[in-house]
Amino acid sequence: MSAFTDYLDASPSSFHAADEAKNQLVAAGFTELSATDPWDNSPGGHVMVVGGAVLAWWVPEKITVSPIRIVGAHTDSPGFKLKPQAEFTAHGFSQAGVEVYGGAILSSWFDRELVLAGTVTLASGETLLVTTPPALRIPHLAIHLDRSANQGFSPDKQDHLQPIVDVAPDPSLGADPIGVLELIATTADVRARDIVTYDLITCDAQPAALTGAAGNLIASGRLDNLSSVWPAITALERASKTNPDSIIMTCCFDHEEVGSSSRTGAGGPLLEQVIRRTLTAAGLSTDEIYQVINSSIMVSADAAHSIHPNYAQRHDPHTFPIMGSGPVVKYNANQRYATTSESAAAFIHACDQADVPVQEFVSNNDVPCGSTIGPIFSTRTGISTVDVGIPLLSMHSARELCHADDIDFLTEALRAFFEADRYE
């Protein structure tokens, strides 16, 4: 499990998650490409990072009119994005102005040591990856000042969520607190005035940890959805070593937590561009390209809800997953998931090939579920898609929980999915 927990700790933002995934594949022999360069269609592995998205694929010796097998995931997680003009002081405290990103469980972010992570862009045009020290904290109000604190918690998103960065006990003595921009500049080893803009998000500073009586549970931030990204990248790496005779791909997008409508989101053009450029460079006609697209299949891998022993009534009483019992196929009659009977069968077949247990999830009718990149991707491309994931507890908390066995199960299931067409 150390490789996965190391990946979690090295990926405090979507930008870091994409860069770490690229580094893993480059170390395995994949060639790094840029979307702005002439297309390299040589046989072997290729990987491309655009912002917080990473796309990787294997090109066989000869590309034919055959299905592409794709695994999709997302690199982003809920948190607090640093606002422009974020620096301000109040009553001697230096604070950072932040904006809520995604559907965070707000209470879980209080009283934690936080870092800021992401990118800063300099006046020179250079963009740097940055992770600050754990210098930020959102403090709770003491219960003595709010006797109703345990009866309900609903913080004002504008007034109550701004992290403290530093304090000068007596500003009249001329001791100014350290501001968030100075913190960022020091971390990046640049001058604050050279920073033109940034894209930074909070991250819990506590490392991933093995917990539970048997030490087989993983507690960490960003399990939704790095618990899918690392298995998807690792499965592609392993499957590529068998010298595949068809195209296999992993695409991990940004901005899923806020709707995927961005250049680097699943609703954007990146994956379709990679597919079309690759097939066009191989000499396929427009009609042949459509044949490939319409016969291809995608696994949309995103975290699932384990049944919660303290809130079991929030789950369907008959169809629910439990941590440690394998990946989950997710169904929804209202198309919040893209799973069809045919696409589900393909993934279940891969699990059978890998000797991996598989579970199912459907919502309680009174508790509507969220959605994933699956319906967005399937609608945009017409590619058959199945929604899967490993079961979590505390989803969208600053610190979530999964079972270590499920990481291995999903990795092996995705590897078998990539290789399935060569076993049938």
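The values are calculated or read from the model by the stated rules, or taken from the named source; none is laboratory data. In this text, all values refer to a predicted model and were calculated from it rather than measured experimentally. A quick note on method: Cβ atoms are made from the backbone with ideal geometry, for glycine too, and the neighbour counts reach across all protein chains shown. All accessible areas refer to the heavy atoms of the entire protein, side chains included, with ligands and DNA or RNA removed. Shrake-Rupley method; radii C 1.70, N 1.55, O 1.52, S 1.80 Å.
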Per-residue ellipticity at 222 nm for the chain, helices alone: DSSP H runs ≥ 4 residues times -39500 (n - 2.57), over residue total, nearest 500 deg cm²/dmol? -8000 deg cm²/dmol
Expressed as a rounded percentage, what relative contact order does the range 273-380 have, with Cα pairs under 8 Å and six or more residues apart? 29 percent
What residues have an amide H closer than 5 Å to that of V165, excluding those fewer than 5 places away on the same chain, when H is modeled at 1.01 Å from N in the peptide plane? S94, Q95, A96
Cα centre as origin, Lys/Arg/Asp/Glu Cβ charges: the range 79-204 dipole, Debye: 240 debye
Computing the accessible area with a 1.4 Å probe over protein heavy atoms, can you report the carbon and sulfur percentage for the chain? 50 percent
Largest-first ordering by accessible area, 1.4 Å probe, given options H315, H308: H308, H315
Apply the Debye scattering formula to the range 79-204, with a single equal point scatterer on each alpha-carbon and no solvent, then give log10 I(q)/I(0) at q = 0.21 Å⁻¹. -1.24
Would you list the membrane-span-like helices of the chain, meaning whole DSSP H runs whose alpha-carbon atoms span at least 24 Å along their axis and whose mean Kyte-Doolittle value is at least -1.0? 223-240
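Ratio to report: Rg/Rh of the chain, with Cα atoms as the point set and Rh obtained by the Kirkwood method; give two decimals.
Radius of gyration over Kirkwood radius for the chain works out to 1.00.
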With every protein chain kept in place and a 1.4 Å probe, the residues S220, S2, S371 fall, from largest accessible area down, as S2, S371, S220
Given H placed on each backbone N at 1.01 Å, which residues far from I307 in sequence or on other chains put an amide H within less than 5 Å of it? I322, M323
Residue by residue, what Karplus-based ³J(HN,Hα) values in Hz, rounded to whole numbers, does the range 110-116 have, using 6.51, -1.76 and 1.60 with θ = phi - 60° and x for Gly and Pro? 7, 6, 10, 7, 10, 10, 10
Rounded to whole Å², per residue accessible area for the range 79-204 with a 1.4 Å probe reads 55 Å²
Can you work out ³J(HN,Hα) from phi for every residue in the range 206-216, in order, using Karplus 6.51 cos²θ - 1.76 cosθ + 1.60 and θ = phi - 60°, giving whole Hz and x for Gly and Pro? 5, x, 4, 9, 7, 9, x, 4, 9, x, 10
